[in-house]
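Derivation of every value follows stated rules applied to the coordinates shown; laboratory data play no part. Being a predicted model, the structure only gives us computed values, none of them experimental. As a convention, Cβ positions derive from the backbone with ideal geometry for all residues, glycine included, and neighbour counts pool all protein chains shown.
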Amino acid sequence: MSAVSSLVPARFLTLTAHLVIVITIFWSRENNVEACLPLDFTQDQYDKEDTKLVVALSVTMGLFAIELAGFFSGVSMFNCTQGLLCILYMFSKLFHKTLYIFKVHIMHSTAVVTSPSPGELQFAFVLAQY
């Protein structure tokens, strides 16, 4: 398989992976909003950050739909330069969003623990080794 013909499946896979990450962020919206707020947040602060996240994810989904429409219609499917740039761009977005998800969930899970006992710390240390 030549490099040109392997761009189409690679582009499709990066588009699909990006879609999965965006949907995952959308489904875990509550945890993502709470992770960016201080521990003693008000409902007004929560609503403001939730609105920001919903708008950002909605714009992402809209632009993603345009990208998929161009890909599946064939307009941009076999353009090698555009395909390579799309793969690099989608992979970088996928990488950054994956790091964001891990950072939010790690921060959220550690923010819940207020005063761990020595047994809990030892259990967390054993889990961290795996």
Options G70, G83, G62: the member that is in contact (Cβ under 8 Å) with a residue 24 or more places away in the chain, part of a helix (DSSP H, G or I) and over 17 Å from F102 (Cα atoms)
G83
Which residues, counting only those in region 57-91, are more than 16 Å from F12 (Cβ to Cβ) and either of a type in the set (D, E) or surrounded by 12 or more Cβ atoms within 10 Å (Cβ to Cβ) (or both)?
L57, T60, M61
Does region 8-22 contain at least one residue that is more than 20 Å from F102 (Cα to Cα), of a type in the set (S, T, Y) and in a helix (DSSP H, G or I)?
no
What about E30, is it acidic (D, E) and within 20 Å of Q82 (Cβ to Cβ)?
no
